[in-house]
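Single-structure report; data block below.
The values are calculated or read from the model by the stated rules, or taken from the named source; none is laboratory data. This one's a predicted model, so the numbers in the text were calculated from it and none came from an experiment. Every residue, glycine among them, receives a Cβ derived from its backbone with ideal geometry; neighbour counts consider all protein chains shown. Surface areas here come from the heavy atoms of the whole protein model, side chains and all, with no ligands, DNA or RNA. Shrake-Rupley method; radii C 1.70, N 1.55, O 1.52, S 1.80 Å.
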Amino acid sequence: MTITQDDLRFDPDRKLKVVGTTPIKPDGVDKVTGRAKFGADTHLPGMLVGKVLRSPHAHAIIKSIDTSSAAALAGVKAVVTRDDFPELPPGEFRDISSNCMAREKAFYDGHAVAAVAATSERIAKKALKLIEVDYQVLPHVIDVMDAIKPDAPILFEDMVTKGMDPAPDGPTNILQRKEFTMGDVDAGFAEADIIVEREFDTKPMHQGYIEPQACVANFTEDGQTELWCCTQGHFVFRTRLAAVLKMDISRIRVTQSELGGGFGGKTMFYAEPVAILLSRKANRPVKITLTRNEVLRATGPVAGTHSRIKMGMTKDGRFTAAEAELYFQTGPFTGSAFANAPQAMFTRYDLQNIRAVGYEVVSNRPKVNAFRAPCVPQVVFGVEGVIHELARKIGMDPIDLRLKNAATEGYKTIYGATFGPIGYVETLEAAKAHPHYTAPLGPDQGRGIATGFWFNRGGETTASLNITPDGTVTLLLGNPDVAGSRVSICMMAAEELGIPVDKVRPIIGDTSTLGFNRVTAGSRVTFSAGMAIVLSARKAIETLCQRAAMMWDVPEDGVVFEDGHVRPASSNVGDFEPLSIADIAKKATETGGPIAGHAEIVAEGAGPGFGCHIVDVEVDKETGAVKILRYTVVEDAGKAIHPHQVEGQYQGGAVQGIGWALNEEYIYDKDGRMENAGFLDYRIPVASDVPMIDTVIVEVPNPLHPYGLRGVGEVPLVPTMAAIANAIDDAIGIRPRSLPMSPPKVLKLIEEAEMSRDQA
Amino acid sequence: MDEMRYEAPETLDAAVALLAGADGDARILAGGTDVLVLLHSDMIEPGLLVDIKKIPELTSIAVEAGGFRVGAAVSAMELVEHDAFSKAWPGVIEGVKLIGSIQIMGRATMGGNLCNASPAADSVPALIAAGAIGTIVGPEGRRDVPVEDIATAPGETSLGKGEILVSFLFPPRPPHSGDAYRRFTPRTEMDIAVVGVGISLSLDDGGTCQAARVVLGAVAERALLVEAAAAALIGTPLDEAALERLAAAASAACRPIDDKRGTKEFRIKVAGVLARRAAQDALERARGN
Ligand SMILES: Cc1cc2nc3c(=O)[nH]c(=O)nc-3n(C[C@H](O)[C@H](O)[C@H](O)COP(=O)(O)OP(=O)(O)OC[C@H]3O[C@@H](n4cnc5c(N)ncnc54)[C@H](O)[C@@H]3O)c2cc1C
C-alpha cells in the first residue's frame, strides 16, 4: 500500500508536540550573524562585473545601438544588446525577453537597452557611457485611464484586445478583458433598497524588498549554465530562461540564495538572461547587482488601478448584487494577474448576483509583477469602502453588516469552487470581541475595519527526506523560503517522526536536485511543501517499520510507529524494546540500505483565508497627516504551525499596506521619467511610522491538510488600505477614494469639505 | 582610469592649501553623508576629497564670549549629547536630531548640513534663527559671516575656492529666551523636510516678546529669514492675534516649487501652521527660563 496525498487529511484528535510551538528558525542564526548568503554574496574566480544601460526615455524607437567604442575600452570583456537575444514568436517568452532587453522600442524609463561586462565596476560604468543609442522619442502615456483615451499614444500598433468578441477596431492599449459573472445582476439591483456606486484609484506599489536583485552567471564551454540568484522560484526561472535563451532545461542549473524580501517581486527575472549572455560572450562568470535606482525604475511594481464599484442592499442590510468595472495598468507587457481581482473582490460575502469585468491596459511604466494577493487589495480598497458607506446608511455596525452577509460553508463562489469549512464568520466574531474594537477614541481620531479574502494556492511540489546514520534528519526542499516556511516544514517533519525539531535540518536544493516546484507565491509553500514533507516522512516511516520488523523477524503488520519509535503492535508480536529512528538507522546497511522518503505532488485542497483589520488613526486637520495609532489584524490561519511566523506575516502585510495607503507612489516628470527612484522619496514606512501591530490568529482547520493549515501570506495585505480609509472617514467625515492618502491629498479633501460646508 | 585622491590633513592651513591648489573638482568631506551618496549615485566625480575631521578647530565645542563656539565638523550626535549646548539651544538640537537616524547622526555634521546647501536642511533654520555666525578660513585668511549668508541656492554657497567653514559662534542667551524647530515630513524619520520652521525669541520680564527671528526651510531656494514674521511677534505676548499674523506672514514669504516632495500650495499652507506651532514651543521654553 502506497500512501498518497489523499491520505493526508486533518485529524482533529491528534496530539501535537511540535506544531504550534515557536522554535528558532534553522536559518535564523545565520541571518542575525550576517553569515547568510544573499543574492550578491556569490563570488567566483575571474568574475566580471556586469552593468546595464537603461533607456532615459519613457517611449522611444531604438533606431540603432553602436557599442564599438564600449567594446574597445580596455577591461571590457563583453557587450550585449537585443541582437544577442534569440528571436522568439510573439507570446509570453517574447514579452519576457523584450522586458529584459528592449527590442524595437524602449517602453519605459529604465528599460534595459544594452549591457557590458568588465573587469571592474568603474570600467563597466565608463563603457556604458560610450554606448551610443539613437532613439526616436515618441509621445508616452503613464496613467491607466489616460492610456485608454481615444487619442492616447499607442504602445503596440498591432495590439488587438483579447477577450472581446468582436475585438474593437483600431489601435488600442487595452491588452485584454476578462469578465466574471454569476446570478442575475440586474434582478439583484432591482431588489435593492439602497445602491452605492463609487469610483476609486490606486497607485502602482513597489514590493519594496530590501535586497536588490543580484545574480552570477557562469556559461561553460560545453554549453551549460550555472546561475546563482535571489528568486522566489528557481525552477520557474530555469524553465523561462530555457525558453528565452533557447536552451535545454537540463543544461541550466539555478541555485537560489537566501532572499532579502520578494513579496511577489522576485517571481520574474530581469538581469539574469543578460548575465548569462554576457558570460557566454566573455567566457567568464558575470555578476550583475541592481542598484536601488534600477530596482525602482525597472522591476515590477504591482498594478495601479481605476475601479467603479456598485453594490445593492435591502434596507435591513442584505446585499443583493454587486458590479465592478476594473482597469489595471500593467506596464508594456501582460503580468498583472488581474483576473484575481474580479474573482476575489467580493468573495467572502454571500452574494448571488455579481458581474465583474477587468481590463488589462498597457502604458509606459515598468512591467508589473506579483505582489501579495496580486491586484486584490487595490479593488478591495473600493469594495470595503462601498460596504462601509452602506453600513453608515442604515446605521448598522460595520462588523454586524459583514456578519449578516458572510459566506459560509457551502457557498458557491464566482470562480466555481464551493467553500468547505471556512473561518470568515469566526474571524469577524474575533474582531468584534477584541478590546480594540470598543476602546475609546480621542478628538480627530477614528476607527475603521475592513475584510479580505485570498484563495491560497497549491501546485507542483517536491521534497526529499533523508534519515542520516545517526537518526537525525535532513530535508531537501524545492521552494525558496520567503518568510519562514523552512522552520514550519521542519516542524511538520519533526512532528511526524516524533523527534525534536532541531534534529531536522533543511536545505533548499538547486534545480538539478529535485523535480519541478512551482514558484513560492500565493501562500502555497508551507501548505504544499508541508504536504510533501509529511508524505515523505510517512513513506520513511513505512520503511522504518519494515526495517524494524526485519530486525525483529516479525511480520510487517506486527509493528507500529509511535513517538519516534517502532514498537511491537501488541504483546502477541513479542517482547521487544522499542527501536528509535537512530537504532534503525544504525542498522540500515544490513537491512537494505539508506532510509528516505520523497514526494512529488501537485498539492490540492488549499483552504481559503479570511482576515479582518481594525485600525485607529489620528488626522492632523491642519496638515492632512494621518497617524496610525493602533492596528489589529485578525485572520484565520487554519492552523498556525509556528505562530511567530504567522504573526510576522500578519504584521508585515499590514505595514506594507500602511505604506501603500499613506505615502507610496511613483512620481513621474513630464517626460515620463521616474523622479523618486530611491527610498528617500519612494516612501515605504519606517519603523517609527507604525505602531506595534497586534495580531489574533483564528484557527478553523483546513480539512484537506494534515495539520489543517491554510496559508497566510496574502490576506494580511488585502484589507489594509480600505481599513485605513474607513478610519479616516470616522475621524474627519470624508472617505478618501484615491491612494495614496498622503498629507497634501487629505488636506485638500478637508479643505474641499469645509468649502462645501461653508457654501451650504 | 582617473582615480580619486583622498587626503586627511591635520591642520587648517594644510587643508586650505590642498583645496586651493587642486585643479578640477575638489570636495570637502566632513561626515560624508551627503558626499558619499552623491559619489555612489555618480552625481559628482571629484578628483580630490579633503577630509576635515582630523583638524582640531573643526571638531571641538568651546565656551566663548558667554556663548558657544561649535566646530563645523562636530558630529550631530556629539552635539546632541553636549548637555550645556542642548540646554541653551533646544531648537537647534531639534533640527540636528532630525538629520537621518542615529547612525547618520554619528557621522553627519552641522557644517555639512549647511554647506551641502539643500534648502530643506534640517539644522539650518534653527541655526539661522539662533543668529549664529560662521567663521570661514581660506587662502585670503579668516572672515566671519552670518550663517544665513552661506548657503545661496540648492548646492551653492558663498564660499570661495579653498575656503572652509570652520566653526559656528552662538551668541549668549538673554533670560527668558527659547527656540524651537518644527518640520513637516510625510514619514516620521528618514525623510526630507517638506517645510521646516525655526524660531528663536526672547521675552521681557512681563512676557512681551523683545526679539525674534523666524526662519523657513524648504520653501525657497535657500532657508529664508523672514523679518515680517518676526515683526508679527515682537512687542506682543504671542497671543492668538500675533500667532495668526505670524502664520500669515510665514505663508506669504514662501516661494516654493512643486516637486516630488510636496506641492506649492501644500508648502505655503503648512509653513503657516508650523510657524505657529514652533512659536508656541519657543514661547513655552522662553517662559521656563
Ligand atoms: C539616510 C540619510 C538621511 C538623511 N536625513 C536627513 C534629514 O532628515 N535632514 C537633513 O537635513 N539631512 C539629512 N540627510 C543629509 C545629510 O546627512 C546632512 O545634510 C548632513 O548634515 C551632512 O553632513 P556631513 O557632515 O555628512 O556632510 P558631507 O557629506 O561631508 O558634506 C556635505 C557638503 O558640504 C560640504 N562641506 C562639509 N563640511 C564643510 C565645511 N566645513 N566647509 C565647507 N564645506 C563643507 C561638502 O563638501 C559637501 O559638499 C540625510 C542623509 C542620509 C544619507
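Could you list, in sequence order, all residues of the range B:245-284 that are out of contact with any Leu (no Cβ under 9 Å at 6 or more places or on another chain), more than 13 Å from chain A (Cβ to nearest Cβ) and open to solvent by 70 Å² or more (accessible area, probe 1.4 Å)?
Within the range B:245-284, B:A252, B:E284 meet the criteria.
From the list B:I199, B:I128, B:I192, pick out the single residue that is within 18 Å of the chain's Cα centre (by Cα) and within 14 Å of another protein chain (Cβ to nearest Cβ). Give the derivation first.
Values: B:I199 fails: within 14 Å of another protein chain (Cβ to nearest Cβ); B:I128 fails: within 14 Å of another protein chain (Cβ to nearest Cβ).
When all the criteria are applied, what remains is B:I192.
Given the criteria within 22 Å of A:K203 (Cα to Cα), more than 14 Å from every other protein chain (Cβ to nearest Cβ), modelled with pLDDT of 95 or more and open to solvent by 10 Å² or more (accessible area, probe 1.4 Å), does A:Q645 qualify?
Details: within 22 Å of A:K203 (Cα to Cα): no; more than 14 Å from every other protein chain (Cβ to nearest Cβ): yes; modelled with pLDDT of 95 or more: yes; open to solvent by 10 Å² or more (accessible area, probe 1.4 Å): yes.
When the stated conditions are applied, A:Q645 does not pass them.
Give the range A:678-695 a look and list any residue that's in a loop (DSSP other than H, G, I, E, B), within 10 Å of another protein chain (Cβ to nearest Cβ) and touching a residue at least 24 places away in the same chain (Cβ under 8 Å), or say none. Spell out the reasoning first.
Restricting attention to the range A:678-695, the residues satisfying the condition of being in a loop (DSSP other than H, G, I, E, B) are A:678-686, A:690-692.
Next cut, within 10 Å of another protein chain (Cβ to nearest Cβ) only: A:678-686, A:690.
Selection gives A:G678, A:F679, A:Y682, A:R683, A:I684, A:P685, A:V690.
Looking at (1) in contact (Cβ under 8 Å) with a residue 24 or more places away in the chain; (2) within 14 Å of chain A (Cβ to nearest Cβ), can you tell me which one B:V70 breaks?
(2)
Looking at A:E199, A:E211, A:E179, which one is within 30 Å of A:I667 (Cβ to Cβ), surrounded by fewer than 20 Cβ atoms within 10 Å (Cβ to Cβ), under 25 Å from the mean Cα position of the chain (by Cα) and at pLDDT 95 or above?
Values: A:E199 fails: under 25 Å from the mean Cα position of the chain (by Cα); A:E179 fails: within 30 Å of A:I667 (Cβ to Cβ).
Only one candidate passes the filter, namely A:E211.
So which helices (runs of 4 or more DSSP H) stay within the range A:46-146 end to end and still have 3 or more residues that are free of Cβ contacts under 8 Å to residues at least 60 places away in the same chain? Walk me through how you get there before you give the answer.
Numbers: elements: A:68-72, A:92-100, A:121-130.
Hits in the range A:46-146: A:68-72, A:121-130.
Of the residues that sit in the range B:173-196 and are part of a strand (DSSP E or B) and within 14 Å of the ligand (Cβ to nearest atom), which one is most open to solvent (accessible area, probe 1.4 Å)?
Pass one, the range B:173-196, residues part of a strand (DSSP E or B): B:177-184, B:195-196.
Then keep just the ones that are within 14 Å of the ligand (Cβ to nearest atom); that gives B:181-184, B:195-196.
On the way: B:Y181: 10, B:R182: 81, B:R183: 36, B:F184: 17, B:V195: 0, B:G196: 0 Å².
That would be B:R182.
Does the range B:204-218 include one or more residues that are touching a strand residue (DSSP E or B) at 6+ places or on another chain (Cβ under 9 Å), within 16 Å of the ligand (Cβ to nearest atom), part of a loop (DSSP other than H, G, I, E, B) and within 29 Å of A:F679 (Cβ to Cβ)?
Quick first cut of the range B:204-218, residues touching a strand residue (DSSP E or B) at 6+ places or on another chain (Cβ under 9 Å) only: B:204, B:209-218.
Next, only the ones that are within 16 Å of the ligand (Cβ to nearest atom) stay: B:215-218.
Keeping just the survivors that are part of a loop (DSSP other than H, G, I, E, B) gives B:218.
Narrowing further to those that are within 29 Å of A:F679 (Cβ to Cβ): B:218.
The answer is yes, given that some residue of the range B:204-218 is touching a strand residue (DSSP E or B) at 6+ places or on another chain (Cβ under 9 Å), within 16 Å of the ligand (Cβ to nearest atom), part of a loop (DSSP other than H, G, I, E, B) and within 29 Å of A:F679 (Cβ to Cβ).
Looking at (1) farther than 30 Å from A:V686 by Cα; (2) under 17 Å from the mean Cα position of the chain (by Cα), which is the only condition A:V216 fails?
With (1) farther than 30 Å from A:V686 by Cα; (2) under 17 Å from the mean Cα position of the chain (by Cα) applied to A:V216, the lone miss is (2).
B:A153 is checked against (1) open to solvent by 20 Å² or more (accessible area, probe 1.4 Å); (2) small (G, A, S); (3) within 7 Å of the ligand (Cβ to nearest atom) and fails just one. What number does that condition carry?
The failed condition is (3).
Every residue in the range A:330-372 that is under 25 Å from A:P153 (Cα atoms), open to solvent by 20 Å² or more (accessible area, probe 1.4 Å) and not hydrophobic (A, V, I, L, M, F, W, C), please.
Result: A:T334, A:G335, A:Y359.
Here is a list of conditions, (1) surrounded by fewer than 24 Cβ atoms within 10 Å (Cβ to Cβ); (2) facing chain B (nearest Cβ under 10 Å), and A:M674 meets all of them except one; can you say which number that is?
(1) is the only condition that A:M674 fails.
Restricting attention to the range B:102-127, which residues are within 6 Å of the ligand (Cβ to nearest atom) and either in a loop (DSSP other than H, G, I, E, B) or not hydroxyl-bearing (S, T, Y) (or both)? First the steps, then the outcome.
Going through the range B:102-127, the residues within 6 Å of the ligand (Cβ to nearest atom) turn out to be B:104, B:107-109, B:111-113, B:115-116, B:121-122.
Listed by number, the residues that qualify are B:I104, B:R107, B:A108, B:G111, B:G112, B:N113, B:C115, B:N116, B:A121, B:D122.
Among B:K97, B:K53, which is near the ligand (Cβ under 9 Å from one of its atoms) and either more than 14 Å from chain A (Cβ to nearest Cβ) or out of contact with any Lys or Arg (no Cβ under 6 Å at 6 or more places or on another chain) (or both)? Steps first, answer last, please.
Numbers: B:K97 fails: near the ligand (Cβ under 9 Å from one of its atoms).
That would be B:K53, the only listed residue that is near the ligand (Cβ under 9 Å from one of its atoms) and either more than 14 Å from chain A (Cβ to nearest Cβ) or out of contact with any Lys or Arg (no Cβ under 6 Å at 6 or more places or on another chain) (or both).
Here is a list: B:E140, B:E148, B:E163. Which entry is open to solvent by 50 Å² or more (accessible area, probe 1.4 Å) and of a type in the set (D, E, K, R)?
Values: B:E148 fails: open to solvent by 50 Å² or more (accessible area, probe 1.4 Å); B:E163 fails: open to solvent by 50 Å² or more (accessible area, probe 1.4 Å).
Residue meeting the stated conditions: B:E140.
Among the residues of the range A:601-627, how many are open to solvent by 10 Å² or more (accessible area, probe 1.4 Å) and not acidic (D, E)?
The number of residues fulfilling the criteria is 9.
Within the range B:40-50, identify whether any single residue is away from chain A (no Cβ under 14 Å), under 21 Å from B:A282 (Cα atoms) and within 11 Å of the ligand (Cβ to nearest atom), and answer yes or no.
The answer is no; no qualifying residue exists.
Just to be sure I understand, how many residues within the range B:7-52 are on the phi > 0 side of the Ramachandran plot, open to solvent by 50 Å² or more (accessible area, probe 1.4 Å) and in contact with a helix residue (DSSP H, G or I) (Cβ under 9 Å, 6 or more places away or on another chain)? Write out each step before concluding.
Restricting attention to the range B:7-52, the residues satisfying the condition of being on the phi > 0 side of the Ramachandran plot are B:24, B:32, B:42.
After this cut, where a residue has to be open to solvent by 50 Å² or more (accessible area, probe 1.4 Å) as well, the list is B:24, B:42.
The next check asks that each one be in contact with a helix residue (DSSP H, G or I) (Cβ under 9 Å, 6 or more places away or on another chain); those that pass are B:42.
Qualifying residue count for the region: 1.
Go through (1) within 14 Å of chain A (Cβ to nearest Cβ); (2) more than 10 Å from the ligand (Cβ to nearest atom) for B:P90 and report which single condition fails.
All conditions are met except number (1).
I'm trying to understand the selection: among the residues of the range A:434-468, which are of a type in the set (K, R) and not in a strand (DSSP E or B)? Quick ask: steps written out before the conclusion?
Our first condition is that a residue be of a type in the set (K, R); within the range A:434-468, this holds for A:447, A:457.
Hit for the range A:434-468 is A:R457, nothing else.
Condition check ((1) in contact with a strand residue (DSSP E or B) (Cβ under 7 Å, 6 or more places away or on another chain); (2) of a type in the set (K, R)) across all residues:
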site	(1), (2)
A:E600	yes, no
A:P608	yes, no
A:I614	yes, no
A:K621	no, yes
A:A625	no, no
A:P643	yes, no
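Search the range B:26-39 for residues that are in contact (Cβ under 8 Å) with a residue 40 or more places away in the chain and within 14 Å of B:S75 (Cα to Cα) and pair each with any residue that is of a type in the set (D, E, K, R) and near the ligand (Cβ under 6 Å from one of its atoms) when their beta-carbon atoms are under 7 Å apart and the residues are at least 6 apart or on different chains.
Sorted first by the residue in the range B:26-39, then by its partner, the pairs are B:G31/B:R107; B:G32/B:R107; B:T33/B:R107.
Please state which one of A:P716, A:P736, A:P744, A:P703 is in a loop (DSSP other than H, G, I, E, B) and touching a residue at least 24 places away in the same chain (Cβ under 8 Å). Explain how you work it out, then say what you get.
Details: A:P716 fails: in a loop (DSSP other than H, G, I, E, B); A:P736 fails: touching a residue at least 24 places away in the same chain (Cβ under 8 Å); A:P744 fails: in a loop (DSSP other than H, G, I, E, B).
Sole residue among the options that is in a loop (DSSP other than H, G, I, E, B) and touching a residue at least 24 places away in the same chain (Cβ under 8 Å): A:P703.
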